[in-house]
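Here the structure is laid out as structure tokens; the discussion comes afterwards.
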Amino acid sequence: MSRRPDFLRPLVLSGPSGVGKSTLLKRLFAEFPDKFGFSVSHTTRNPRPGEVNGTQYHFVTAQRFKDLIDENAFIEHAEFSGNFYGTSFETVRQVQEQGRRCILDIEAQGVRQIKNTNLNPVYLFISPPDMASLRARLQQRGTETESSVQKRLATALKEIEYAKEPNVHDLVIVNDDLDRAYELFKKVAQGEVIVGDKLPALDG
Ligand code: ADP
Ligand code: 5GP
């Protein structure tokens, strides 16, 4: 099968914490084990139960993260909810060398920085249907303390404000019904040009 025009451009996935980015990605990698490569970021946060070093993240100390910044190892990096996260040049290079489409899962400060590089990705924003669902998902995931949920929700409002600015994202998918959202996400990941969803008002 011939490849769609956008297939070899990296795909930058962003959207508030708890919206379902990892869930969509997990499905995609399970359905297409050889087509896509996840850009495994470095982070200073602690692993959640079930997370494996080198798979979801490279888990590093704050000192190691600082050293990597000094070595100019990162395409972009940011502080999010009290921890540091960064995408290394090396991780993206490795994925691209394998001929796979590289998918990045990053927050808004990282998106801003990527826009000043020559990566030339497709920018996809995953939106919650409303703020109450986002809160419920963050709580139901069971990985955050109440104060961490609050922090992430406050940051979510800023990320949504940024997403509302013109030309920030190429496409929006609302993760309301997971199966519906996944079908759209799968098409975008495969490089199909689709009409996305409209960003909901998300004003409270
Ligand atoms: P993110 O990676 O964006 O932080 P996750 O993928 O960890 O978010 O999802 C957060 C929680 O929401 C998880 O418990 C997940 O099972 C749940 N979830 C994901 N998508 C949906 C959906 N469409 N409807 C209801 N719950 C969902
Ligand atoms: P979590 O702690 O829930 O895994 O991730 C928190 C936030 O950090 C999410 O919005 C995720 O997209 C973002 N993130 C993960 N890796 C990176 C990265 O390398 N750079 C940036 N800027 N954000 C990242």
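Quick note: the coordinates plus some simple rules give every number you see, no bench work behind them. Source: prediction; values computed, not measured. Neighbour counts run over all protein chains shown; Cβ positions are idealised from the backbone, glycine included.
Suppose we keep only residues that are within 14 Å of ligand 2 (Cβ to nearest atom) and among the basic types (Lys, Arg) within the stretch 152-181. Which one would you say is nearest to residue 122 (Cα to Cα)?
Among those residues, the one meeting the criterion is 158.
Could you tell me whether the stretch 137-151 includes any residue that is within 10 Å of ligand 2 (Cβ to nearest atom) and under 21 Å from residue 11 (Cα atoms)?
Looking through the stretch 137-151, none of the residues is within 10 Å of ligand 2 (Cβ to nearest atom) and under 21 Å from residue 11 (Cα atoms).
Condition check ((1) touching a Pro at 6+ places or on another chain (Cβ under 8 Å); (2) more than 16 Å from ligand 2 (Cβ to nearest atom); (3) without any contact (Cβ under 8 Å) to a residue 24 or more places away in the chain) across all residues:
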| position | (1), (2), (3) |
| --- | --- |
| 22 | no, no, no |
| 37 | no, no, no |
| 41 | no, no, no |
| 69 | no, no, yes |
| 74 | no, no, no |
| 83 | no, no, no |
| 100 | no, yes, no |
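Could you say whether any residue in the stretch 2-18 is more than 28 Å from residue 130 (Cα to Cα) and within 10 Å of ligand 2 (Cβ to nearest atom)?
There is no residue in the stretch 2-18 that is more than 28 Å from residue 130 (Cα to Cα) and within 10 Å of ligand 2 (Cβ to nearest atom).
Quick check: anything in the stretch 40-50 of a type in the set (A, V, I, L, M), closer than 23 Å to residue 134 by Cα and surrounded by 15 or more Cβ atoms within 10 Å (Cβ to Cβ)?
No, the stretch 40-50 contains no residue that is of a type in the set (A, V, I, L, M), closer than 23 Å to residue 134 by Cα and surrounded by 15 or more Cβ atoms within 10 Å (Cβ to Cβ).
Give the stretch 104-114 a look and list any residue that's surrounded by 15 or more Cβ atoms within 10 Å (Cβ to Cβ) and either away from ligand 2 (no atom under 13 Å from the Cβ) or among the charged types (D, E, K, R) (or both), or say none.
Correct list: 105, 107.
Quick check on the stretch 12-36: of everything there that is among the hydrophobic types (A, V, I, L, M, F, W, C) and within 11 Å of residue 185 (Cα to Cα), which residue is surrounded by the most Cβ atoms within 10 Å (Cβ to Cβ)?
Out of the qualifying residues, it is 13.
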